[in-house]
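Notes follow the structure.
Every number in this text was worked out from the coordinates using simple rules, so none of it is lab data. Just so you know, these numbers come straight off a predicted model, no measurement behind them. Positions of Cβ are generated from backbone atoms using ideal geometry, with glycine treated the same way; all protein chains shown enter the neighbour counts.
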Amino acid sequence: MAVSVIVFVEDVARSLAFYERVVGAELDHFDEDGSYGELKAGIGFAAHDHVERHLDLSFHRNEAAGLPSGFELDFAVDDVEAVFARAIDAGATAVWEPREKPWGRSALLRDLDGVFFHVTQA
């Protein structure tokens, strides 16, 4: 079974570029109107206004200074320190800096929309 996730964001192009730069994810596609895009890793990004047009219910807006959503994106990477540095340079905020955990070298950050993302050295 394949699983994917769609994250609600303010700016789809910005989110796609962030994860391409920070973790080396590859772009799968980006809609012409800029309201939706996906990475080949199975992560999609939908603009808040796109979600509002297609859902007839309220939803949690991911915002950098807001409460984090009830999930995190997890990435297996070759070098946690390098990814952490790129993320901080790209505007992410650290929740906890790289450290040894029972499952390996890891760091936890919040992206430009305040979404938790976790990196673990593969």
Check: Which loop chymotrypsin sites (Phe, Trp or Tyr not before Pro) in segment 1-102, with loop taken from DSSP, have no more than 16 other Cβ atoms within 10 angstrom of their Cβ?
Finding: F59, F71
Notebook entry, point to check: Given 0.36 nm per residue, what is the gain on full extension from A13 to M1 after removing their alpha carbon distance, in nm?
Noted result: 1.5 nm
Next item on the list: Figure the gain on full extension for D28 and D56 (residue separation times 0.36 nm, minus the Cα-Cα span) and round it to one decimal in nm.
Entry: 7.3 nm
Check: Once a ≥ b ≥ c are taken as the square roots of the eigenvalues of the Cα gyration tensor of segment 1-52, is the result rounded (a/c under 1.5), prolate (a/b larger than b/c) or oblate (a/b not larger than b/c)?
Finding: oblate
Next item on the list: Measure nothing but the geometry: give the 0 to 90° angle between the long axis through the Cα atoms of 80-89 and the longest principal axis through the Cα atoms of the chain, rounded to 10°.
Entry: 50 degrees
Next item on the list: Could you give the size of the charge dipole of the chain about its Cα centre, using +1 on the Cβ of each K and R and -1 on the Cβ of each D and E, expressed in debye and rounded to the nearest 20?
Entry: 440 debye
Next item on the list: For V77, enumerate residues with amide H under 5 Å from its amide H, sequence gap 5+ or separate chain, H modeled in the peptide plane.
Entry: T120, Q121, A122
Next item on the list: Compute the distribution of all C-alpha to C-alpha distances in the chain, in bins of 10 Å from 0, and list the percent of pairs in each, rounded to whole numbers.
Entry: 13, 45, 33, 8, 1
